[in-house]
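Contents: one structure, followed by commentary.
Every number here is computed from the coordinates shown, using simple stated rules; none is lab data. Just so you know, these numbers come straight off a predicted model, no measurement behind them. Neighbour counts are summed over all protein chains in view; Cβ atoms, including those assigned to glycine, are modelled from backbone coordinates with ideal geometry.
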């Protein structure tokens, strides 16, 4: 979503924003863009801060799938990790601190996500309809200050005006300066490594692909050399090539260089691989970071070290004895399943 669109929605939300009798989200008492205005007035928020503003940010990040923990207003490790994920997704400087550009990115993505939920419905419902689809459209449009009636599920003149108004402001606008890959048509739930792994079906490993066991004794030198050749590659949300990797995209790429096909997401790789009591070179090490269960992984390279694509510094080598990784380590697994064409 580009700046002009943001300004249009801002105008509606600020000038016509109303308190909800049936809010689209449980935490909101003002329109999301009013929240955006309030947050923009604050100084940069960083690790260790505890206040209601942090709780707002946690709520937004949870709604967008970056955060899966308590909304307690305390800026801890998981909140920081979620902020870094969002910053990387929007090609912002990954600091983990909440600044104006981060708040703006949250607002843009929230608008895109919410409008995406009703984009098809707005074209399918008709004047005079009375059903749950109309109710959902009314709730979202009320939330963004476009609808000024009661949420009754009846498609009347106020609903029609609201739909036309938001289409004029958002859905019909085209701008050559729009950020690449951030259009309203983009389905953000298809990003990899998100909390609910909604893209699992799209990333199934083909049964026709040959999956071979990694011969550790003969291949460790090659796989380590290939893995280390990408040191310093930046972290990119959804990245699967040397221009930028996320954690599972990096591991999948490294194994692909060995002619080994593995699944795409962390949870899929966890389920696909076989547990081992302790890692050997070429095994995978898994961590529980921003949510329960496996949410990050790396390649074990010996001497208690692993190489991985981290959100802060891209592809780096870390030690399992480091406090951060040691406290989040949940196990090692090995790619050993084998099938033939």
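A few points about this structure:
- Counting neighbouring beta carbons within 10 Å and listing from fewest to most, the residues 129, 323, 114, 283 come out as 323, 129, 114, 283.
- Arranged from fewest to most other beta-carbon atoms within 10 Å of their beta carbon, 84, 63, 256 become 256, 63, 84.
- Listed by Cβ neighbour count within 10 Å, with the fewest neighbours leading, 86, 77 appear as 77, 86.
- Here the Kirkwood formula, the inverse mean of 1/r across different C-alpha pairs, assigns segment 57-151 a hydrodynamic radius of 15.0 Å.
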